[in-house]
Amino acid sequence: KGRDGIVCYVSNNSFVDQIAFDGMRKHLLQDFERIDHIDLHGNVRKNPKLSGTTHNVFGIQVGVGITLAIKKSGAPRRLRYHRVPEMARKIEKLEFLTKGEVTWQTLTPDAQSWIVPKNADEYAGLPAITDLFDMHSLGVNTARDSVVYDWRHDLLAARAQQFIVQYNTEVHRHKADKDADWPSRIKWSRDLKQDVLRGRLAEYDTAKCRPALYRPFSKRWLFFDRILNEEIYHWPEIGVGPSICLTNLGSEKPFMALSCDLIADFHLVGAGAGTKCFPLSHLKDSAVAQFRQHYSDPSLTKEQVFHYLYALLHHPDYRERYAANLKRELPRIPFAPDFAAFAN
């Protein structure tokens, strides 16, 4: 009701830097003149070296923080942050809180995050990988892996045909009765129900049984079909050929890059995270020209530039220098001094 006051709460503090909470951080800064946050860390999922019982103040798996939000009309806005050492033990954190002596870091947030990486301006000046390709795609999202994936071609073919018969039966049944129920023998999803209501019949074709990369170094047969798969995104246009698959934004999975010459699964990098794929066939000619100009070498090929990108994304110095940036946005690409060393 427009009154001044203080809100103090202890919570999971993933909202401090996760992309999904951009809006929350923005509104907190709008609603309160002053915000102080003590990051007690202890996120076991992000750092497997930690132990919930040893390093987390509550013995849980997620990070914990204390937020003090102050509404004081007319006061200058201020955002302060303090993070305890990552490997500090539970007892050390509690002793720190008991003393009440906090060395605050005043933050200057940007449009994306409260905690802006020190090299944010440098990183922003680099070419974005999304600008180097005229098409990129998420991995195939099946919504029913147990139906459309298998190690064996014959088992997948038999199961896909059985599912199609059951699905097409539902299409005909819903044509006759729009209020018909949705039987549990079929693994329903939003798009599959929509396909039924649109009267779209599925068809079996042995050519739809295609090899795919389900998880790193784990190939399976996939029944690749617009109806049986929830989302196939741009894979019909991408086709077969090398792609660089990356951990997409919006998850707590660490950054990963993996080459693939098959259809890639949406959860290639692991459950709870999406996979973004950049195919060689869609690397822009203008991107290759940019590399040729920078290195004064008109003989550079599209394949060499593609190999350079893949090597760079694995380089320890790159990953360490831009670790914080890679949590906020997809990779940007610096020009290394020795192009050939990376491309080779």
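The values are calculated or read from the model by the stated rules, or taken from the named source; none is laboratory data. It should be emphasised that the depicted structure is a prediction, and the values quoted were computed from it without experimental measurement. Cβ placement follows ideal geometry from the backbone for every residue including glycine, while neighbour counts extend to all protein chains displayed. Each accessible area value is taken on the protein alone, full model and side chains, heavy atoms only, with ligands, DNA and RNA left out. Shrake-Rupley method; radii C 1.70, N 1.55, O 1.52, S 1.80 Å.
General remarks:
- Annotation: D39 fulfils all but one of (1) closer than 19 Å to G250 by Cα; (2) surrounded by 11 or more Cβ atoms within 10 Å (Cβ to Cβ); the unmet one is (1).
- Filtered residues of the stretch 55-84 (kept if touching a residue at least 60 places away in the same chain (Cβ under 8 Å) and surrounded by fewer than 16 Cβ atoms within 10 Å (Cβ to Cβ)): L68, K71, K72, S73
- Taken over the stretch 11-25, the criterion of being under 15 Å from I35 (Cβ atoms) and touching a Leu at 6+ places or on another chain (Cβ under 9 Å) is satisfied by N13, F15.
- Exactly one residue out of F217, F224, F255 is hydrophobic (A, V, I, L, M, F, W, C), open to solvent by 10 Å² or more (accessible area, probe 1.4 Å) and free of Cβ contacts under 8 Å to residues at least 12 places away in the same chain, and it is F217.
- Tally of residues being assigned to a helix (DSSP H, G or I) and free of Cβ contacts under 8 Å to residues at least 12 places away in the same chain across the stretch 258-284: 0
- One residue stands out in the stretch 285-299 among those that are farther than 13 Å from D338 by Cα and hydrophobic (A, V, I, L, M, F, W, C): the one that is nearest to the chain's Cα centre (by Cα), namely A287.
- Filter pass, A289 being out of contact with any helix residue (DSSP H, G or I) (no Cβ under 8 Å at 6 or more places or on another chain), surrounded by fewer than 18 Cβ atoms within 10 Å (Cβ to Cβ), of a type in the set (A, V, I, L, M, F, W, C) and in a helix (DSSP H, G or I): yes
- Taking the listed residues L192, L156, the one that is of a type in the set (A, V, I, L, M), within 27 Å of C260 (Cβ to Cβ), crowded, with 19+ Cβ neighbours inside 10 Å and out of contact with any Cys (no Cβ under 9 Å at 6 or more places or on another chain) is L192, with no other qualifying.
- Any chance R3 is within 18 Å of W104 (Cβ to Cβ) and loosely packed, with under 14 Cβ neighbours inside 10 Å: no
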